[in-house]
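Below is one structure, written out as structure tokens; comments come after it.
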Amino acid sequence: MKKCMLLLTLVLCHVGFSQTDIDQILEAGIDNAQRFSGEYFAPAGESLVNAMSNGWYSTAKTKKLWHFEVGIVGNLSFVRDEKQSFVLDTRNYTNLILSSGQTRQEVASALGNNQQDVSVIVASDQGPAVEIVLPDGFGDSGINSIPSGFIQGSLGLIKSTEIKLRFLPRVKAVQDAEIQLYGVGFQHEFTDWVFPLKRWPVRLSALIGYTNVKGFYDINSDSEVSGTDQEVSLQTNSWLITSVVSTKFPVFNFYGGLGYYFGSSNADVLGTYQVQNGSLASQIITDPISVRNKTNGVKATIGARVKFGIFKANMDYTLQNYNNLSLGLNFGW
């Protein structure tokens, strides 16, 4: 579990089981493994959906026909302390007991870390009980922020509308892990459509954006678990619907937005696995774990943008479930 997978040139991949972790988690049984994985990965899935809903805009002004802008967007999402752990309640599991003797205990999520080893005992009708040490998170300590980055461009269309595209080709993030990203958005400005708005010191527009992230982690190369075609697959979908407002000054401007984001993350442990111990000992399990998480919420953004000829730079801060800092560097007209 110490494999920290940074996706999108440093965005966290939240499916980084090591081979020993997979073996031990499956020893708890399929139902138990599925339930634990869902609770363990939920904060990481939420954080990625939150992060990918940011960085879509830096002004309410849309571009004129065929005018364009291209640049790099970087995000830094902040993780609250309560997202670094969850409460494991053995009453929701089958034949599982905490070694501490408690019924409920706070344990690390994928974004956290246990202060000391936490283990559970799984009873089996087919053999002796198995003790399993629960995994820590991705790093050596709790993760307080998650960085990400991608290429983004925009092109002016007709009737005060522009299209936005974000992209990262399939690249190797770390050993045996690959990531790719694409997204599309549309922004429409209302300022020129309503005559009184032309006299206001601000511009108004609306935006809708969609981002898809796919990650692939090949665990065949150094697997300690017998089996074939072992892979972890990640897919995250993130949507944003928001209003945008910005000032009209020639060089330095403020902007902001109030919107709604929603999305889902799917993580699947694929391939065949021959479990060594527990109730599934010596059985061959196919595609054993599938985790589905959904999240949504309201977000508010405030930021500033500066223009130097054809070059622009912007920075904004967003209040949402995982607060986010965005930085953009662009050129175009």
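The values are calculated or read from the model by the stated rules, or taken from the named source; none is laboratory data. Just so it is clear, the structure is predicted and the values come from calculations on it, not from any experiment. Cβ: placed from backbone, ideal geometry, glycine included. Neighbour counts: every protein chain shown.
Could you tell me which of the residues ALA60, ALA44, ALA28, ALA33 is at pLDDT 90 or above and of a type in the set (A, V, I, L, M)? Walk me through it before giving the result.
Numbers: ALA44 fails: at pLDDT 90 or above; ALA28 fails: at pLDDT 90 or above; ALA33 fails: at pLDDT 90 or above.
Being at pLDDT 90 or above and of a type in the set (A, V, I, L, M) holds for just one of ALA60, ALA44, ALA28, ALA33, which is ALA60.
Looking at segment 71-134, what strands (runs of 3 or more DSSP E) fall wholly within it and have at least 1 residues that are among the hydroxyl-bearing types (Ser, Thr, Tyr) and more than 30 Å from ASN314 (Cα to Cα)?
Details: elements: 85-89, 96-98, 104-108, 119-122, 130-133.
Passing ranges, in order: 85-89, 119-122.
Here the condition is being in a strand (DSSP E or B), at pLDDT 90 or above and within 23 Å of the chain's Cα centre (by Cα); of ILE163, ILE208, it holds for ILE208 alone.
Looking across VAL244, VAL298, VAL291, one residue alone is in a strand (DSSP E or B), at pLDDT 85 or above and under 22 Å from ILE30 (Cα atoms). It is VAL291.
Scanning segment 41-67 for residues that are of a type in the set (Ser, Thr, Tyr) and not in a helix (DSSP H, G or I), which turns out farthest from GLY328 (Cα to Cα)? Talk me through it step by step, then tell me what you get.
Within segment 41-67, the first condition is being of a type in the set (Ser, Thr, Tyr), and the residues that meet it are 47, 53, 57-59, 62.
Then keep just the ones that are not in a helix (DSSP H, G or I); that gives 53, 57-59, 62.
Working: SER53: 14, TYR57: 9, SER58: 8, THR59: 12, THR62: 17 Å.
Here the residue is THR62.
ALA177 falls short on exactly one of the conditions (1) over 19 Å from HIS67 (Cβ atoms); (2) touching a helix residue (DSSP H, G or I) at 6+ places or on another chain (Cβ under 6 Å), and that condition is (2).
Just so you know, in segment 144-170 the residues that are of a type outside the set (D, E, K, R) and touching an Asp or Glu at 6+ places or on another chain (Cβ under 7 Å) include one that is surrounded by the fewest Cβ atoms within 10 Å (Cβ to Cβ), and it is GLY153. For segment 147-178, filtering for residues that are under 20 Å from THR242 (Cβ atoms) and in contact (Cβ under 8 Å) with a residue 40 or more places away in the chain leaves 13. Against the definition (in contact with a His (Cβ under 9 Å, 6 or more places away or on another chain), over 24 Å from ASN323 (Cα atoms) and not aromatic (Phe, Trp, Tyr)), how does THR62 come out, yes or no? Answer is yes for this residue.
For first residues located in segment 282-301 and free of Cβ contacts under 8 Å to residues at least 40 places away in the same chain and over 15 Å from SER47 (Cα atoms), partners that are aliphatic (A, V, I, L, M) and in a strand (DSSP E or B) and lie 6+ apart or on another chain with Cβ distances below 9 Å form the pairs THR286/LEU270; ASP287/VAL269; ASP287/LEU270. For segment 100-122, filtered to residues that are over 18 Å from GLY38 (Cβ atoms) and hydroxyl-bearing (Ser, Thr, Tyr), the residue that is surrounded by the most Cβ atoms within 10 Å (Cβ to Cβ) is SER119.
Among the residues of segment 244-260, is any within 22 Å of GLU82 (Cα to Cα) and not small (Gly, Ala, Ser)? Checked against the condition, which is being within 22 Å of GLU82 (Cα to Cα) and not small (Gly, Ala, Ser), segment 244-260 yields no hits at all. When we screen ASP125, ASP192, ASP176, ASP140 for residues that are at pLDDT below 85, over 30 Å from ASP89 (Cβ atoms) and surrounded by fewer than 15 Cβ atoms within 10 Å (Cβ to Cβ), the only hit is ASP192.
For segment 179-200, what are the residues that are within 27 Å of VAL73 (Cβ to Cβ) and either among the β-branched types (Val, Ile, Thr) or touching a residue at least 40 places away in the same chain (Cβ under 8 Å) (or both)? Those that are within 27 Å of VAL73 (Cβ to Cβ) and either among the β-branched types (Val, Ile, Thr) or touching a residue at least 40 places away in the same chain (Cβ under 8 Å) (or both): ILE179, LEU181, GLY183, VAL184, GLY185, GLN187, HIS188, GLU189, THR191. Filtering segment 302-326 to residues that are within 21 Å of GLU46 (Cα to Cα), assigned to a strand (DSSP E or B) and in contact (Cβ under 8 Å) with a residue 40 or more places away in the chain leaves ASP316, THR318, ASN324, LEU325, SER326. Quick check: is even one residue across segment 215-227 at pLDDT 80 or above and among the charged types (D, E, K, R)? No, that holds for no residue.
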